[in-house]
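The values are calculated or read from the model by the stated rules, or taken from the named source; none is laboratory data. The model shown is predicted, which means the values in this text are computed figures rather than measured ones. Note that each Cβ is placed from the backbone with ideal geometry, even for glycine, and that neighbours are counted across all protein chains shown. Protein only, heavy atoms only, side chains kept; ligands, DNA and RNA dropped before computing areas. Shrake-Rupley method; radii C 1.70, N 1.55, O 1.52, S 1.80 Å.
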Amino acid sequence: MPDRDLRAWMAQLDAEGELKRITAKVDWDDEISQIIRKVYIQSGPALLFENIKDHGATFSRKLFTNGLGTQSRVNLMLGLPKDTPPAETVRTIRKRMKKPLEPVRVKTGPVKENIIRGKDVDLFEIPVPKWHPLDNGRYINTFNATVTRDPDTGQNNAGVYRGTILSKNKIGVLLMPMKDWGITYSKYQEMGKPMPVAFVYGWDPTLIVVAGSPVVGPEYELAGALRQEPVELVKCETSDIEVPASAEIVVEGFMSPDPSTYEIEGPFGEGSGFYGEARKRPVVEVTCITHRNDAIFRGSLVGTKEGVTEIRAAVSNMMSVANWNILEAHEIPGVLDVTTGPISAVKIHKTYQGQARQIAAALWGSKFAGHPFNILMVVEEDVDIRNPAALIAAMHHKVDFNRDLVVYPLYMGSPIDVHIPYDLRAELEYGAAVTSKLLIDATTDWQMHPIREEWNNQRFPPNCHYSRPETEALVEKRWGEYGL
Ligand SMILES: Cc1cc2nc3c(=O)[nH]c(=O)nc-3n(C[C@H](O)[C@H](O)[C@H](O)COP(=O)(O)O)c2cc1C
């Protein structure tokens, strides 16, 4: 795969017939998001909006979105055949992530073609849509990497964290103290110093996929592993943070450690399909914007009905990889497949009692626990975890609701989880939201189901929806004779 930035990625999509340019003039206020909403439902193409109201003469005039909106485009990102099934995509990502690639440091790059500093900064020059009618302004941070640097180790960290334009030079953000940048922020608060932050918009799609998932390990190295090409990094202008040299736009700034500087952030239409609430939250004051000539902005519509979004397609494989890696790190045997979603599922070859509970303990003890995935189901080989109907059938046939459900109560969760009462979603007060998690153990309980001779020495009643192989062959051969 050649070195790839946003423009090379768009060219790749174009060559595959996966990109549509919209030249009609469109309004950033609600109109763009309604177009995207309809395109999501059709599993439609990536979109480049080229003619946006009020942005004919701003430094950034175009918006690119939905580049990762389908499994086929996620496969293209990885250089795989478009029809590669998700289970295979997950295996490929796992294999590549075992070989992180050290980034290459360069002195300069296209992102330094233009440098805007101090009072010349105007975030409203960027064509950010107003994604939902009740959003608190234009959310600039929906599909970008937010990069911070640990003051003790100097390690860069990239995450995806929402943020809205509060004024020409201020971005209000949702920062959870238990997330990586939250941990870094608390170190700056202890030092009484502002935390440097860089927001990266528009680059190789692998970065956002890694940054938006609870992967363990340095994101630039892992993005390099996924794209099979090291990431080229340059230093920011106003801090030591490093950013991709061929990014479209980098916004640099500092977050004050002082809670009296916090401003109202939210509501925002979240991935749940519901609005989040407004609270006073940390603010990044922008010191500098660097950008390419004719810079393309990157964003994504998050909150939609039934959660059909670009983000779900983009990060679901990666979430499954992150969780599988956690189970591997705990040396839990027999894991055959992992999915992540409203019901996150793990398929195992069971070899001992308590294996499902061990899996739940490992995942609840990890970064995964901070995400709004509250139901974990563990099943055996006979259940297709990528088929929701099969999961429901397994719940019906294999679960005793008295013995096989485990609730982990009053535990950490995500403030975007709307079932959590308003007060318990106060992430800055509690460090995370407070919720409960559920394990559905749909594996065979060996205590309740001893081996039985009449079922070919199996524990659980075998499926009865097949005939003997010779009968199946016979019926196949005689099918024409039956007149059916
Ligand atoms: C589109 C998108 C938006 C997200 N918004 C937030 C957010 O506002 N706040 C947050 O704490 N996590 C958010 N997340 C989840 C984090 O990106 C995720 O937890 C990631 O693992 C954070 O990296 P970290 O583990 O290095 O902190 C979002 C993820 C995606 C894909």
In the stretch 213-229, the residues that are within 14 Å of the chain's Cα centre (by Cα) and assigned to a helix (DSSP H, G or I): E219, A223
Residues being within 9 Å of the ligand (Cβ to nearest atom) and over 23 Å from G341 (Cβ atoms) - total across the stretch 207-224: 0
First in the stretch 22-46 and at positive phi and free of Cβ contacts under 8 Å to residues at least 40 places away in the same chain, second anywhere and open to solvent by less than 20 Å² (accessible area, probe 1.4 Å) and assigned to a helix (DSSP H, G or I), Cβ under 8 Å, 6 or more apart: none
Members of the stretch 175-207 found to be among the aliphatic types (A, V, I, L, M), modelled with pLDDT of 95 or more and open to solvent by 20 Å² or more (accessible area, probe 1.4 Å), listed by number: I183, M191
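Report the residue count in the stretch 222-255 for those that are small (G, A, S) and either over 10 Å from L207 (Cβ atoms) or modelled with pLDDT under 95 (or both).
The qualifying residues number 5.
Condition check ((1) surrounded by 16 or more Cβ atoms within 10 Å (Cβ to Cβ); (2) over 21 Å from the mean Cα position of the chain (by Cα); (3) β-branched (V, I, T)) across all residues:
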position: L19; (1), (2), (3): yes, yes, no
position: D29; (1), (2), (3): no, yes, no
position: I32; (1), (2), (3): yes, yes, yes
position: V39; (1), (2), (3): yes, no, yes
position: P45; (1), (2), (3): yes, no, no
position: R61; (1), (2), (3): yes, yes, no
position: G69; (1), (2), (3): yes, no, no
position: N75; (1), (2), (3): yes, no, no
Boolean, V283 is within 16 Å of the ligand (Cβ to nearest atom) and closer than 30 Å to T58 by Cβ: yes
Any pair with Cβ under 9 angstrom, 6 or more apart, that starts in the stretch 409-422 at a residue that is among the polar types (S, T, N, Q) and ends at one that is open to solvent by less than 50 Å² (accessible area, probe 1.4 Å) and away from the ligand (no atom under 14 Å from the Cβ): S414/I420; S414/T435
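I'd like to verify a number: residues in the stretch 407-428 that are more than 15 Å from the ligand (Cβ to nearest atom) and either open to solvent by 70 Å² or more (accessible area, probe 1.4 Å) or touching an Asp or Glu at 6+ places or on another chain (Cβ under 7 Å) (or both), how many?
As a first pass, look at the stretch 407-428 and keep what is more than 15 Å from the ligand (Cβ to nearest atom): 407-411, 419, 421-424.
Those left that are additionally either open to solvent by 70 Å² or more (accessible area, probe 1.4 Å) or touching an Asp or Glu at 6+ places or on another chain (Cβ under 7 Å) (or both): 407-410, 419, 421-423.
Of the residues in the stretch 407-428, 8 are more than 15 Å from the ligand (Cβ to nearest atom) and either open to solvent by 70 Å² or more (accessible area, probe 1.4 Å) or touching an Asp or Glu at 6+ places or on another chain (Cβ under 7 Å) (or both).
Scan V315, V302, V286 and give me the residue that is assigned to a strand (DSSP E or B) and in contact with a Gly (Cβ under 7 Å, 6 or more places away or on another chain). Before you say what the answer is, go through the steps one by one.
On the way: V315 fails: assigned to a strand (DSSP E or B); V302 fails: assigned to a strand (DSSP E or B).
Exactly one residue qualifies, and that residue is V286.
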Scan of the stretch 340-354 for residues that are open to solvent by 20 Å² or more (accessible area, probe 1.4 Å) and not in a loop (DSSP other than H, G, I, E, B), ordered by number: I343, K347
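Taking the options K98, K107, name whichever one is open to solvent by 70 Å² or more (accessible area, probe 1.4 Å) and farther than 30 Å from T238 by Cα.
Values: K107 fails: farther than 30 Å from T238 by Cα.
One residue alone meets the criteria, K98.
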Unique residue being under 30 Å from D27 (Cα atoms) and not aromatic (F, W, Y) when the list is K112, K107: K112
Those residues of the stretch 313-357 which are away from the ligand (no atom under 16 Å from the Cβ) and polar (S, T, N, Q), in sequence order: T339, T351, Q353, Q355
Flag for E277 being among the acidic types (D, E), open to solvent by less than 10 Å² (accessible area, probe 1.4 Å) and either within 16 Å of the ligand (Cβ to nearest atom) or within 26 Å of H132 (Cβ to Cβ) (or both): no
Residue in the stretch 370-388 that is within 24 Å of the chain's Cα centre (by Cα), assigned to a helix (DSSP H, G or I), at pLDDT below 95 and within 16 Å of the ligand (Cβ to nearest atom) present: yes
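Quick one: which strands (runs of 3 or more DSSP E) lie wholly within the stretch 122-190 and hold at least 2 residues that are more than 9 Å from the ligand (Cβ to nearest atom) and touching a residue at least 60 places away in the same chain (Cβ under 8 Å)? Walk me through how you get there before you give the answer.
Numbers: elements: 139-141, 145-149, 156-159, 163-167, 170-173.
It comes to 139-141, 145-149, 163-167, 170-173.
Tell me yes or no: at least one residue of the stretch 324-333 is closer than 20 Å to D445 by Cα and touching a residue at least 12 places away in the same chain (Cβ under 8 Å). Can you show your working first?
Taking the stretch 324-333 and keeping what is closer than 20 Å to D445 by Cα, we get 332-333.
Going one step further and asking which of them are touching a residue at least 12 places away in the same chain (Cβ under 8 Å), we end up with 332-333.
Checked the stretch 324-333: at least one residue is closer than 20 Å to D445 by Cα and touching a residue at least 12 places away in the same chain (Cβ under 8 Å).
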